[in-house]
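Engineer: The structure follows.
The values are calculated or read from the model by the stated rules, or taken from the named source; none is laboratory data. The shown structure was predicted, so the numbers you read here are calculated from the model rather than taken from an experiment. Neighbour counts are summed over all protein chains in view; Cβ atoms, including those assigned to glycine, are modelled from backbone coordinates with ideal geometry.
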Amino acid sequence: MGLKAITDKVFYYPHQTDTDRPMLAYLKGNKFALAIDAGNSAMHVDEFYVALEAAGLRKPDFTIITHWHWDHTFGMHHIGGASIAHSKTNELLRQERNKLSDGAYVDFLKEDDPCFGREYAGDKEIIVVSSDMEFADELILDLGGITAIMYHAVSPHSEDTVLIHIPEEKVLFLGDATSEDFFNNGYMDRDKLNTLINEIEKTDCQYCVLSHTELLTKQDLLNYLYSISNVHGGRL
């Protein structure tokens, strides 16, 4: 499996269902390179970087986190460059790190989530860190030729959700923003979903990139979200 191109400046490494590894993205600016999400383990990061090298791309200067969940953050200790996250993401990661000091909690996670159990089979070390930089509402990075607009958004999936809009390339990265809340019995908050739909509608983009599915056009994603906005839906 190799890197896939959306444009000549926007790439992604596809998601993997067996260990719940999300899509990892790469934005190639003239000055800086930005990765989106840090993967679910050091192995995931290494695999991503091998794919970057094979494509002739350097390691990222920065990595932005879309939300705190383990599959997007547990590789953060292993990345190159500096990490960036929302302040709420760091707060939640610090809470999770404290909980992981309890071996019984780790055993529970491995039993409760087969993907987590496979990624961290045996005595494989789990390392959780907070980001090097954090922001509260919005952060804009001029990567050189392209701009990454990173901002907090309302989402039914997680309260710390961050979206990343690349206006010059007309691409919007949403992480898991459209999914239900797995830490609240899979609850889908319709009001939050509709707020997110409104946010997507007003964003000037051609493609919408979610972490655990194939690349979608904006209209394809909106059509799906319209269909579930009044009923409970699965993860997309």
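Engineer: Sort through ASN194, ASN198 and tell me the only one that's surrounded by 14 or more Cβ atoms within 10 Å (Cβ to Cβ), of a type outside the set (Val, Ile, Thr), free of Cβ contacts under 8 Å to residues at least 40 places away in the same chain and not in a loop (DSSP other than H, G, I, E, B).
Structural biologist: Only one candidate passes the filter, namely ASN194.
Engineer: I would also like to ask the following. Within region 205-220, which residues are of a type outside the set (S, T, N, Q), under 20 Å from GLN16 (Cα atoms) and not in a strand (DSSP E or B)?
Structural biologist: If the condition is that a residue be of a type outside the set (S, T, N, Q), under 20 Å from GLN16 (Cα atoms) and not in a strand (DSSP E or B), then HIS212, GLU214, LEU215 are the ones that fit.
Engineer: Can you pull out every residue in region 61-97 that is over 15 Å from the mean Cα position of the chain (by Cα) and more than 12 Å from VAL128 (Cβ to Cβ)?
Structural biologist: Of everything in region 61-97, those that are over 15 Å from the mean Cα position of the chain (by Cα) and more than 12 Å from VAL128 (Cβ to Cβ) turn out to be ASP61, GLY80, GLY81, ALA82, SER87, GLU91.
Residues checked against (1) loosely packed, with under 14 Cβ neighbours inside 10 Å; (2) under 17 Å from ASP20 (Cβ atoms); (3) of a type in the set (Gly, Ala, Ser):
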| position | (1), (2), (3) |
| --- | --- |
| GLY103 | yes, no, yes |
| LYS110 | no, yes, no |
| ARG118 | yes, yes, no |
| PHE135 | no, no, no |
| ILE146 | no, no, no |
| SER155 | no, no, yes |
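Engineer: For region 65-92, enumerate the residues that are surrounded by fewer than 23 Cβ atoms within 10 Å (Cβ to Cβ) and part of a helix (DSSP H, G or I).
Structural biologist: Of everything in region 65-92, those that are surrounded by fewer than 23 Cβ atoms within 10 Å (Cβ to Cβ) and part of a helix (DSSP H, G or I) turn out to be TRP70, HIS77, HIS78, SER87, LYS88, ASN90, GLU91, LEU92.
Engineer: Further, regarding this structure: With respect to GLY175, determine if the residue is surrounded by fewer than 16 Cβ atoms within 10 Å (Cβ to Cβ) and of a type outside the set (A, V, I, L, M).
Structural biologist: Criteria not met by GLY175.
Engineer: Within region 77-94, is even one residue in contact with a helix residue (DSSP H, G or I) (Cβ under 8 Å, 6 or more places away or on another chain) and of a type in the set (Lys, Arg)?
Structural biologist: no
Engineer: Looking only at region 13-64, which residues are under 25 Å from GLU125 (Cα atoms), aromatic (Phe, Trp, Tyr) and part of a strand (DSSP E or B)?
Structural biologist: Within region 13-64, TYR13, PHE62 qualify.
Engineer: Next up: Among ASP71, ASP18, which is among the charged types (D, E, K, R) and modelled with pLDDT of 95 or more?
Structural biologist: Residue meeting the stated conditions: ASP71.
Engineer: Here are some conditions: (1) assigned to a helix (DSSP H, G or I); (2) surrounded by fewer than 23 Cβ atoms within 10 Å (Cβ to Cβ); (3) not hydrophobic (A, V, I, L, M, F, W, C). LYS124 meets all but one. Which one does it not meet?
Structural biologist: Every condition holds for LYS124 apart from (1).
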